[in-house]
Amino acid sequence: MTIHLDMYEGIVGAPVIGQLRQLAKGLQGKRVVHVNSTREGGGVAEILDWMVPLMCDMGIDARWEVIQGTNEFFNVTKSIHNGLQGYPAPITTRGWQTYLDVNVANFETLRPILEEAEVVLIHDPQPAPLLKLCQNRKGKWIWRGHIDISHPYRPVWKGLKPYVAGYDASIFSMNTFAHPLPHPQFIVPPSIDPLSDKNCDLEYSELEQVRARFGLDPDRPLVVQVSRFDRFKDPLGVIAACRLVRTVTPLQLVLAGGGATDDPEGKAMLDEVMEEAAGDPDIHVLLLPPNDDRTINALQRLADIIIQKSTKEGFGLTVTEGLWKGKPVIGGDVGGIRRQVVNYHTGFLVNTPEGAAHRIRFLLHHHDLKKEIGIKAKEFIRENFLLTRQLREYLTLFHEALQGSGERRFYV
Amino acid sequence: MKNFRIYDCALLARTSGLPTALNLRELRERLASCSSNVIYHHFCETPMVASFDNPDYRNDVAVWIKLHLGDRVLAERIGIIDPYSFFDMEELRVLTLDLIDERLSELPFVPSAPPGSEFYFMESTTVVFDTGRAIEHPRDLASSILTMTGSSIYFHFLEARRRHPENIDDFSAWLLDSPEEFKMEVNALHSIDFTFFTLSELRNELAKLLSHAGGIP
């Protein structure tokens, strides 16, 4: 289905849609290219899935290009990803060479598009070297870091910094994620699409079908964590927390996630989780295909509590999704989760499986508060974290990149 | 009487390049040396920044002092400041530094935040644009306000105070410019304590008060 901006009017209101169209007037026909490394799986692909068509709907000549890589390349970029988040992940000289070689090969394909673009947005580290390769660029190049790079593993940062320092600007999801760079660093939190399969309203019958499909008991509380099978999402800690809760009250747990084509570590983590959950009928480990968003949506809506017990996190869009469905979220006290989960307002921040167990019990005990939190959470997302807000900030950034003079305020 | 042209704005936050502050003395040092844009951002632009809760105070400095330094006394003193009443951010800077100095002289120690709760000094870029819409007569003001975005309300009702030497909002300035008498409407606008409203709440409050002042049920 092709999406249009006007489809969101019923959710965010006509003034917000009108504002976006006004803001886009001065950007008509501008060539904007987004580049990342996967078309499906993970938060970046999800964002680009709606952002590019909506930019086109506003008259911007936006396109989305995906670089192609080998297994070796994705192993290196996974190490870069881990290293940027502070995990010691040494990369050999050959690894860095592979990283560059794959970008060189992709650049040859993308050269005409990148050279002509007025704004190029490079998402995450995988395609970062494209800037250095594009000697005849005409436009402004912006590096969009989606993860927390505030305390990177130094050897990895030393290897990557020469590729990102030359950009005209960078964007981070939170101020705490940024790392000093010699150009302006803008803060644009991500957002969710309320009409996507993952977030749209679902019929009761569809929820019941999903409940039956996975053998979930409607009479016992359900906690759901949706995320890639990744060490930083701490799925084993979630299992431990739920087992602690079950010493006093019944509980079902769903750990649901898909694989992403740029995440080779996922399989090993999934095996570990499966082994831990083996033989436990109330722990459901679900590896869902990348396009099974309606199932994810249904699981989140069936949940009593959403959990996202990450030990490292970018912004944590699964938290945003949970809040949009009116659920309290128990989240790890890290990254973007800190921004979204405010104790007693939208859920609880925790640091350990014990802490998570305590807050699950607390919420299961306080039904009224759970309901109140859910209502409030949904309105916070409507005001601040739907895609219309993020689009507005990108349009503002394009104006700044193309005609800003560094002044605090300017008219367009 | 000229039409009231409706403007809107969009804000984009950016890092200031200043190091973070982990204690009250570092906060003071950075506030003393930062650009006025940083002061403006943390005191005046907070209603434009996305939030997941309703903080006690409407400026980031007071919120941080309360939540992360745990100094409720200083938070109360700084939290009550009306930043829009300062035409010059330098005056606001001087007052804030005075309050911090006073508090440092009262305390036997320097309050510190735990690691991970540092104060990040930010600033922003704001793009202002004409919506292409205009209000022809003051009697249409209330209904028009209801169709404005939160950022348009911010631009015309809060940010405007720093553009007018008389420290008034754009709506009041327009009404005062009218050959007709709109004293009740202007008084209604002046009576709003906007500190505790979100922008969407403020929009509804403005429309309600203007409707009542104009005798429209």
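Rg/Rh for segment A:1-80: what does it come to with C-alpha atoms and Rh from Kirkwood?
Result for segment A:1-80 is an Rg/Rh of 1.09.
From the phi angles alone, apply the Karplus equation (6.51, -1.76, 1.60; θ = phi - 60°) to segment B:57-66 and give each ³J(HN,Hα) in whole Hz, x where the residue is Gly or Pro.
10, 9, 10, 5, 5, 5, 4, 5, 4, 6
Per residue Cα convex hull volume for segment B:98-217, in cubic angstrom?
For segment B:98-217, the hull spanned by Cα atoms encloses 173 Å³ per residue.
Run down the aspartates and glutamates and flag those whose C-alpha is under 14 Å from the C-alpha of A:Lys198, throwing out any fewer than 8 positions away in its chain.
Of all the aspartates and glutamates, those that pass the test against A:Lys198 - Cα under 14 Å, at least 8 places apart if same chain - are A:Glu40, A:Glu46, A:Asp49, A:Glu206, A:Asp292, A:Asp293, A:Glu321.
Return the average number of partner chain Cβ atoms within 10 angstrom of each residue Cβ along peptide A:167-176.
2
Normalised radius of gyration for segment B:18-120, please: alpha carbon Rg relative to 2.2 N^0.38 Å, two decimal places.
So the Cα radius of gyration is 0.99 times the expected 2.2 N^0.38 Å.
Once you average over the residues of B:116-129, how many Cβ atoms of partner chains fall within 10 Å of each Cβ?
That average works out to 5.
Past the 20 Å Cα-Cα mark, which pairs from A:Lys132/A:Lys158; A:Lys78/A:Lys312; A:Lys161/A:Lys233; A:Lys158/A:Lys267; A:Lys78/A:Lys267; A:Lys371/B:Lys208?
Violating the 20 Å limit, Cα to Cα: A:Lys161/A:Lys233; A:Lys158/A:Lys267; A:Lys371/B:Lys208.
Mind checking the mean number of beta-carbon atoms from other chains within 10 Å of the Cβ atoms in A:402-409?
Mean partner-chain Cβ count within 10 Å for A:402-409: 4.
What do the square roots of 5 times the Cα gyration tensor eigenvalues come to for segment A:204-384, in whole Å, largest first, as semi-axes of the equivalent ellipsoid?
The three semi-axes for segment A:204-384 are 22, 19, 17 Å.
If you project the alpha carbons of segment A:138-254 onto their three principal axes, what span does each projection cover, largest first, in Å?
So the three principal-axis extents are 58, 34, 20 Å.
By the gyration tensor of its Cα atoms, with a ≥ b ≥ c the square roots of the eigenvalues, what is the shape of segment A:85-150: rounded for a/c under 1.5, prolate for a/b over b/c, or oblate?
oblate
Could you check how many percent of all C-alpha pairs in segment B:63-145 are farther apart than 14 Å?
Tail fraction, whole percent: 76.
Give me A:Ile307, A:Ile122 sorted ascending by neighbouring Cβ count inside 10 Å, so fewest comes first.
In increasing order of surrounding Cβ atoms, one gets A:Ile122, A:Ile307.
Can you work out D for the protein assembly as shown in µm² s⁻¹ from Stokes-Einstein, where Rh is the Kirkwood radius over C-alpha pairs, the temperature is 10 °C and the viscosity is 1.306 mPa s?
In µm²/s, the coefficient rounds to 61.
Can you show me the helix-derived [θ] at 222 nm for chain A, built from DSSP H runs with n ≥ 4 at -39,500 (n - 2.57) apiece and divided by the number of residues, rounded to the nearest 500.
Helix-only estimate at 222 nm: -14000 deg cm²/dmol.
Cα-based Rg (one decimal) and Dmax (whole number) for chain B, in Å?
Cα-based Rg and Dmax for chain B come out at 19.1, 60 Å.
May I ask you to evaluate 6.51 cos²θ - 1.76 cosθ + 1.60, the Karplus curve with θ = phi - 60°, for each residue of segment A:330-343 and list the ³J(HN,Hα) values in order in whole Hz, giving x for glycine and proline?
Along segment A:330-343, the couplings run 9, x, x, 7, 9, x, x, 5, 4, 6, 8, 9, 10, 3 Hz.
Shape of segment A:45-90 from its Cα gyration tensor (a ≥ b ≥ c, root eigenvalues): rounded if a/c is under 1.5, otherwise prolate when a/b > b/c, or oblate?
Cα axes put segment A:45-90 in the prolate bin.
For chain A, what's the relative contact order in percent, using C-alpha pairs closer than 8 Å and at least 6 residues apart?
15 percent
Which value results when the Cα radius of gyration for segment A:1-147 is divided by 2.2 N^0.38 Å?
So segment A:1-147 has a normalised radius of gyration of 1.18.
Beta carbons within 10 angstrom, averaged per residue: use that to sort the peptides A:316-327, B:131-142, highest first.
Ranking the peptides A:316-327, B:131-142 by packing returns A:316-327, B:131-142.
Could you derive backbone 3J(HN,Hα) for segment B:153-168 from the dihedral phi with the Karplus parameters 6.51, -1.76 and 1.60 (θ = phi - 60°), listing whole Hz in sequence and x where the residue is Gly or Pro?
Running phi through 6.51 cos²θ - 1.76 cosθ + 1.60 with θ = phi - 60° gives 4, 4, 5, 8, 9, 9, 4, 4, 4, 8, 8, 8, x, 7, 6, 10 Hz.
Give the residue from A:Thr346, A:Gly326, A:Ile360 lying farthest towards the positive end of the charge dipole for segment A:322-361; charges sit on Cβ (+1 for Lys and Arg, -1 for Asp and Glu) and the dipole is referred to the Cα centre.
Result: A:Gly326.
I'd like the Kirkwood hydrodynamic radius of segment B:85-130, using the inverse of the mean 1/r over distinct C-alpha pairs, in Å.
Computed over Cα pairs of segment B:85-130, the Kirkwood hydrodynamic radius comes out at 14.1 Å.
Mind checking which aspartates and glutamates have their Cα closer than 14 Å to the Cα of A:Lys138? Skip sequence neighbours fewer than 8 apart in that chain.
Leaving aside aspartates and glutamates fewer than 8 places away in the same chain, those within reach of A:Lys138 are A:Glu115, A:Glu116, A:Glu118, A:Asp168.
Would you mind checking the tilt of helix A:43-57 against the longest principal axis of the Cα atoms of chain A, expressed as 0 to 90 degrees and rounded to 10?
Between helix and principal axis, roughly 50 degrees.
Pick from A:Leu288, A:Leu54, A:Leu349: which is most flexible by mean-square fluctuation in a GNM of chain A where alpha carbon atoms under 10 Å apart are linked?
Result: A:Leu288 has the largest fluctuation of those listed.
Taking the Cβ of each residue in B:Glu166, B:Glu201, A:Glu313, B:Glu159 as the centre, tally the other Cβ atoms inside 10 Å and list the residues starting with the fewest.
B:Glu166, B:Glu201, B:Glu159, A:Glu313
None of the figures in this text is laboratory data; all of them are computed from the coordinates on show. Quick caveat: nothing in here was measured; it's all calculated off a predicted structure. Note: ideal-geometry Cβ built from the backbone for every residue, glycine included; neighbour counts use all protein chains shown.
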